[in-house]
Structure formats: C-alpha cells, structure tokens
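The values are calculated or read from the model by the stated rules, or taken from the named source; none is laboratory data. Because the structure is predicted, anything quoted here is derived from the model rather than measured. FYI the Cβ positions are ideal-geometry reconstructions off the backbone, even for glycines, and counts take in every protein chain you see. Surface accessibility is based on the protein's heavy atoms, side chains included, excluding ligands, DNA and RNA. Shrake-Rupley method; radii C 1.70, N 1.55, O 1.52, S 1.80 Å.
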Amino acid sequence: MSKHSAVPFLRRRSTVVAGAVGAAVALGAGLTLSGVLADTPAAKTEPKVVRPTAGAPFDYQIGGAYTPAKGVTVVSRDRSAEPAKGLYNICYVNAFQAQPDALGWWQKNHPDLVLRDEGGRPVIDEDWDEALLDTSTADKRTRLAEVVGAWVDGCAGSGFQAVEPDNLDSYERSGGRLTKAHNAAFARLLADRAHAAGLAIGQKNTVDMLPDRTRIGFDFAVAEECGQYDECGDYAEAYANRVFVIEYEDSGFSRACAAFGAKLGIVRRDLGVAPRGSGGHVFRTC
C-alpha cells in the first residue's frame with residue numbers, strides 16, 4: 001500500500017443529533033459500549049510505555065515535517081515521516097477512514113472493510129473525501145486491526161514514542177451504520193497493539209469518548225479546537241493535563257492560552273498544517 005498523503009483532518013465538536021442516532025442504533029441492536037469492550041481480550045504483558053509530559057511545548061506537523069522551533073519538545077508527524085531527533089514524537093495514523101488515494105487499495109484488497117450504503121457504495125466523509133472503514137462487527141474490527149496495527153508497528157519501528165489514531169468519531173458521519181461502541185471497541189484493539197509495540201496512544205478529539213478512555217486504554221489526548229469549542233477543560237481533567245491542543249483560529253487560540261497556556265501544550269497552526277517555508281504556514285505557541 002502506498003504511503004498516504006499528508007492532509008489535515010479537522011474534527012470538530014460532536015453533534016447532539018449524531019450522538020442520539022448512534023445511541024439509538026446501539027440500543028436497538030442490543031449493543032452497549034461496556035458489552036463490546038468486555039468481549040475484547042485483555043492486553044497481555046507489554047513493554048514499557050512512556051507517556052508524554054504534561055504541558056510540554058508542542059508542534060503539529062502532519063502536513064509536512066520541518067525543523068521544530070526552539071523549545072518544542074513534542075511533535076506530531078504523519079506516519080510516512082521520520083521522527084524529530086531528540087524529541088517526543090507522536091505518529092499520526094488515519095485509522096478509521098481511508099485516505100482518498102488509498103481507497104482503491106482498500107477496494108481491491110479488503111472491499112468488505114469499507115463501510116457501504118444500501119446501494120453498495122462507500123460511505124464518504126464529504127468534508128475530506130474519505131471513505132469510512134467498517135468497524136461494525138468483531139470480525140471486521142479484528143481484520144482492520146491487522147492492517148492498521150501494521151502501521152502502528154511501523155511507527156514504533158521508525159522511532160516514534162506514541163501514536164494518534166484519527167477519525168475516532170467516524171460513527172457520527174456513518175448515517176447510523178456505526179456506533180460509538182463499534183469505534184470504541186476498535187480503538188481498544190489499536191490501544192492494545194500500540195502498547196504491545198511500546199507506544200503510548202492518544203485519544204484524538206471526541207469528548208464523547210472521555211468516559212471510556214480507561215477501558216479503551218488511551219494515555220493522553222490530542223484535541224483540535226478545544227479552545228474554540230470550550231472543551232479543553234474536559235480533556236485536561238480527564239488526562240491530568242497530558243493534552244496537546246491545535247487551534248486554527250486566533251479566537252480559539254487566545255481562549256485556550258488564557259485558560260490553559262500554563263498547563264497544556266497549545267499551538268496555533270494553519271488549517272493546511274503547511275511546513276515552514278510554504279505559503280500560509282502559521283505557527284505560534286502561548
């Protein structure tokens with residue numbers, strides 16, 4: 001499979017409507033979050049996992065790697081990039097959706113792992129032109145974990161210390177075909193895989209998952225626009241300030257810095273997360 005292209009994946013606050021649809025589907029199927037997680041085997045003895053330091057200066061470089069600014073000690077980069085030497089590196093993996101240039105690979109090799117509508121067409125996240133992956137059954141989650149788990153192992157082999165699996169909230173864009181419970185169960189498989197590889201794993205967005213973070217196995221959080229949507233406090237409390245915040249608007253950045261600048265790793269980036277030297281590049285810290 002070709003390395004996926006680096007593009008931004010902005011995920012915003014969960015909607016009440018989407019949450020209600022997911023809950024209704026889960027109840028109708030007799031499926032609860034605790035029930036799904038309870039069916040997942042417990043993690044075995046694992047190598048030591050090093051969690052990131054709370055409040056560490058942070059840069060978000062998933063759109064392209066560049067030399068971090070002086071003082072930055074934590075960097076998130078795409079899994080196709082090399083880690084930054086001497087820093088704590090988080091590996092970005094698009095775990096719950098297919099990159100646009102990778103859909104053909106999924107269609108050829110694992111067509112039934114792509115979520116489909118009643119007409120057999122892939123269900124697409126229209127904002128980013130990404131097909132959703134199908135986490136709806138234990139068998140599909142296990143098979144998905146074999147593919148995505150290999151990417152996680154690759155992150156460890158490249159020298160990253162942690163991984164952030166993106167699109168945890170894909171169930172909100174599934175038209176009720178997926179639920180929070182489905183994605184939480186898949187996230188736990190990824191957490192087990194990460195820990196087995198010696199990697200910490202970060203919860204990427206999705207405040208609705210905070211109550212389930214311990215059962216899933218998340219170690220920290222990466223939160224986009226929590227200042228803009230007044231969610232930073234929820235993440236900070238849940239993860240004892242092990243939270244890395246990306247803001248794309250000055251207003252959200254100002255609010256995040258005012259309330260949590262001394263506690264969390266907060267960065268103002270451009271929506272395209274362009275490398276330094278590219279047009280539109282923005283990088284500021286509190």
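What nm distance separates the two modelled labels at ALA54 and ARG116, each placed 7 Å from Cα along Cα→Cβ?
If labels sit at ALA54 and ARG116, their model points lie 4.8 nm apart.
Please give, to one decimal in nm, the separation of the simple spin-label points placed at GLU146 and LEU271, each 7 Å out from Cα toward the Cβ.
The answer from the label model is 3.9 nm.
If I model a spin label as a point 7 Å beyond the Cα along the Cα-Cβ vector, how far apart are those points for ALA262 and GLN107 in nm?
5.5 nm
Using only the alpha-carbon atoms of region 95-177, report the extent along each of the three principal axes, biggest first, to the nearest angstrom.
Rounded to whole Å, the extents work out to 42, 25, 24 Å.
Rank these by accessible area, largest first, 1.4 Å probe: LYS204, LYS180.
Listed by decreasing accessible area, they come as LYS180, LYS204.
Which entries in LYS180/LYS204; LYS70/LYS204; LYS108/LYS180 show an alpha-carbon gap greater than 22 Å?
In this structure, LYS70/LYS204; LYS108/LYS180 lie more than 22 Å apart at Cα.
Among the aspartates and glutamates, which fall within straight-line cross-link reach of LYS140, defined as a Cα-Cα distance under 19 Å, with same-chain neighbours fewer than 8 residues apart omitted?
Correct list for LYS140: ASP39, ASP112, ASP117, GLU118, GLU130, ASP166, ASP169, GLU172, ASP192.
Round to the nearest 0.05 the FRET efficiency obtained for ASP139 and TYR229 when R0 = 35 Å and r is the Cβ-Cβ distance.
It comes to 0.50.
Ignoring ligands, DNA and RNA, what percent of the accessible area of region 129-207 is carbon or sulfur (1.4 Å)?
Of all accessible area on region 129-207, carbon and sulfur atoms account for 47 percent.
Need one value: the accessible area of GLU82 in square angstrom, 1.4 angstrom probe, rounded to the nearest 10.
130 Å²
Heads up, I need the accessible area for TYR239: 1.4 angstrom probe, whole protein in place, Å², nearest 10.
10 Å²
Ordering SER80, SER174 by how much accessible area each has at a 1.4 Å probe, largest first, what is the list?
The ranking, largest first, comes out as SER80, SER174.
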